[in-house]
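Okay, so here's the structure we're looking at.
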Amino acid sequence: MSAWRSKYPRSLSLFLLTALVVVLSACGGATSSPSQGNTTPGANQVLRFPNVGTADIGKLDPASGPDANSNQAISMIFSGLVRPDKDLKAQPDQATSWDVSKDNKVYTFHLRNDITFSDGTPITAQSYVYTWTRALLPEVKSPTAPVLEESIQGANDVITGKSKTLTGVKALDAHTLQVTLVRPTSYFLQLLTVSLFQPLNQKVIEQYGQTDWVNHVAGSGIGSGPFMIKSWQHGVQMDFVPNPHYYGKKTQLKEVQMSFVRDVSTAFKAYQAGQYDFVWGLNSTDQLQAQSMSGFVRKPILESDLLFFNNEIAPFNKTAVRQAFAAAIDKQALAKAIFHDTVTPASTIIPPGMPGAQPNYPGIPFDPTKARALLKSAYPDVSKVPPISFSYPSSQVTPELAEALQQMWQDNLGVKVKLNGMELTTYNAETTKRTVQFGFTQWGVYFPDPYEWLDLSLLSTSANNNGNWSNPEFDKTVAQAEQTSGDARLALYAKAERIAIDNVGWLPLDHQSAAAIIPDKIHGLTMNSNGLYFGDWSDIYLTK
């Protein structure tokens, strides 16, 4: 995810996902089962772990399009109508049940009557009306709300400033929320697992302002999840304590200490030195050592590494140049030499196992001869190619990977590319401003549906379209897909994905796996196709 994921951490053919998870459980190294060994809770219930690959929590506001690292914190302090289970299916949470109209356009949610924010402020249906409307307000500048809420009646009027009332969301009474959609949306319940839809405390936001409230979160009642923020040392650590007003089953942990560690190898070394109780986000090099350690686990996840080109900056305003850069990459060699076979070379944007995936589509294969011909069709004199700078977050792209790509473009195209590694939070800020000429994104999903991959980042109107890629046929095909259902919908999305691949809206490099070391002393923590899975935190504890 840019590092926005969800990862958006969740669908049409859920039986396919269930099958995927079964397959995933058979992959990777040895895992520690919660049922193995001692299960007696220890006296010291303080969990220490690194938030790997970031200098800080950059986007704590769920409306800001949080990256995967920010979502580590968000998932602990916010909760909503539904929550995802291990298989990413939506389960009741603050809503105990819901009714769906015969035309599948009206959802009526019945809320618990005991839910509050962590300061004791009651959560009502009106809390949801406020939160969902706020995310669409022009002054909030949410990069994700316009797309995530597009199916809700009245959303466009709020987005454009014509109205401050989201007509499709109504509080019928304190504990009954009614949502009216403009069209049947088969993944709507899965959509609601995204943090954007989780209620925010209006009192706190009005006290500090639409943007500044995130700087006053320690000790305040901003969320309703199992934890609240005890302290936040920017650039160092965020500490959490149990939310005393949490309506769900309480966590057994007394405190969680989340440290910010930019460099993934530094986090691994710190774990080995006993500074953390578990470690995740291991890079391919460290996995060579880690795979023999107790508690090592690696699983394929619904995440891909991709490159994007700013289509408004030369030379990438020419389709042939983008195609040339794609054909110049030997993805098989990268997977073997750089990733040590911990990833799958990608010819498609959507990873295998997803509904609508096309694992056999060849995409743009490695072909140096064709790559040079494509480049020469745009620039007969290759020396006239404008200067190119490849920017990337150093926590997600190793020097070895960046240099290997640089060498392939030099050898196969005769083009020199400058490397520009950046800290993740800074990089995300630059991609949001669309100032990156040629960049890297690590995209994961909240829920397994093609909508997540194609609508959110490649529509010409999407705020996450960091490369300013625009293709009318793609936009039209996606729009048609969202007006249909079932196999016909998936077929249209498959067509749209092929357009994006062939015209290089995104350049897929590989489909990812996630690796962690979760020792036996940690009970209840597992991994799923989105990475670490804590559930509702009630089963997480440290054994003696």
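The values are calculated or read from the model by the stated rules, or taken from the named source; none is laboratory data. None of these values were measured; they are calculated from a predicted model. Neighbour counts run over all protein chains shown; Cβ positions are idealised from the backbone, glycine included.
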Out of Ser70, Ser79, Ser75, Ser142, I need the residue that is over 30 Å from Met422 (Cα atoms) and not hydrophobic (A, V, I, L, M, F, W, C). Which one? Ser79
Does Ala491 fit the bill of being surrounded by fewer than 17 Cβ atoms within 10 Å (Cβ to Cβ) and assigned by TED's automatic domain parsing to the domain that holds Ala335? yes
Is at least one residue of region 499-507 in contact with a strand residue (DSSP E or B) (Cβ under 9 Å, 6 or more places away or on another chain), modelled with pLDDT of 95 or more, assigned to a strand (DSSP E or B) and more than 22 Å from Asn311 (Cα to Cα)? no
When residues of region 145-169 are filtered for being surrounded by fewer than 23 Cβ atoms within 10 Å (Cβ to Cβ), in a loop (DSSP other than H, G, I, E, B) and out of contact with any strand residue (DSSP E or B) (no Cβ under 7 Å at 6 or more places or on another chain), how many remain? 9
Condition met for Lys141 (more than 30 Å from Trp232 (Cα to Cα) and among the basic types (Lys, Arg)): no
Looking at region 417-438, which of the residues that are farther than 21 Å from Trp469 by Cβ and modelled with pLDDT of 95 or more is surrounded by the fewest Cβ atoms within 10 Å (Cβ to Cβ)? Lys418
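Out of curiosity, is Ala320 assigned to a helix (DSSP H, G or I), modelled with pLDDT of 95 or more and within 29 Å of Gln237 (Cβ to Cβ)?
On the way: assigned to a helix (DSSP H, G or I): yes; modelled with pLDDT of 95 or more: yes; within 29 Å of Gln237 (Cβ to Cβ): no.
For Ala320, the condition - assigned to a helix (DSSP H, G or I), modelled with pLDDT of 95 or more and within 29 Å of Gln237 (Cβ to Cβ) - is not met.
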For region 401-416, what are the residues that are surrounded by 15 or more Cβ atoms within 10 Å (Cβ to Cβ) and part of a helix (DSSP H, G or I)? Leu401, Ala402, Ala404, Leu405, Gln406, Met408, Trp409, Asn412, Leu413
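Tally the residues that are among the basic types (Lys, Arg) and closer than 30 Å to Thr342 by Cα, restricting the search to region 469-515. Quick ask: steps written out before the conclusion?
Here is the first cut: in region 469-515, the residues among the basic types (Lys, Arg) are 476, 489, 495, 498.
Filter again for closer than 30 Å to Thr342 by Cα, leaving 495, 498.
Number of matching residues: 2.
Looking at Thr211, is it surrounded by 15 or more Cβ atoms within 10 Å (Cβ to Cβ) and of a type in the set (Val, Ile, Thr)?
Working: surrounded by 15 or more Cβ atoms within 10 Å (Cβ to Cβ): no; of a type in the set (Val, Ile, Thr): yes.
Judged against the criteria, Thr211 is not a match.
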When restricted to Ala328, Ala267, Ala273, the only residue surrounded by fewer than 21 Cβ atoms within 10 Å (Cβ to Cβ), of a type in the set (A, V, I, L, M) and either in contact with a Gly (Cβ under 9 Å, 6 or more places away or on another chain) or farther than 21 Å from Ser70 by Cα (or both) is Ala273
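What about Ser377, is it among the hydroxyl-bearing types (Ser, Thr, Tyr) and closer than 28 Å to Thr431 by Cα? Let's see the steps before the verdict.
Details: among the hydroxyl-bearing types (Ser, Thr, Tyr): yes; closer than 28 Å to Thr431 by Cα: no.
So Ser377 fails the test.
Scan region 250-262 residue by residue and report those that are of a type outside the set (S, T, N, Q) and surrounded by 15 or more Cβ atoms within 10 Å (Cβ to Cβ). Spell out how you get there, then give the answer.
Initially, region 250-262 is screened for residues of a type outside the set (S, T, N, Q), giving 250, 253-256, 258, 260-262.
Scanning region 250-262 gives Leu253, Glu255, Val256, Met258, Phe260, Val261, Arg262.
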Would you be able to tell me the number of residues in region 234-249 that are closer than 13 Å to Ala218 by Cα and exposed (fewer than 12 other Cβ atoms within 10 Å of the Cβ)? 1
Taking Val321, is it among the aliphatic types (A, V, I, L, M) and in the same structural domain as Gly505 (by TED's automatic domain parsing)? yes
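Tell me the residue from Ala145, Ala135, Ala174 that is hydrophobic (A, V, I, L, M, F, W, C) and modelled with pLDDT under 95, please. I'd like the intermediate steps shown before the answer.
Working: Ala135 fails: modelled with pLDDT under 95; Ala174 fails: modelled with pLDDT under 95.
Answer to the selection: Ala145.
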Can you name every residue in region 129-144 that is among the hydroxyl-bearing types (Ser, Thr, Tyr) and either in contact with a Lys or Arg (Cβ under 7 Å, 6 or more places away or on another chain) or assigned to a helix (DSSP H, G or I) (or both)? Tyr130, Thr131, Thr133
Return only the number of the condition from (1) farther than 22 Å from Asp286 by Cβ; (2) in a helix (DSSP H, G or I); (3) within 27 Å of the chain's Cα centre (by Cα) that Asn311 does not satisfy. (2)
Please go through (1) out of contact with any Ser or Thr (no Cβ under 8 Å at 6 or more places or on another chain); (2) among the β-branched types (Val, Ile, Thr); (3) buried (at least 23 other Cβ atoms within 10 Å of the Cβ) for Thr461 and return the number of the only condition it doesn't satisfy. (3)
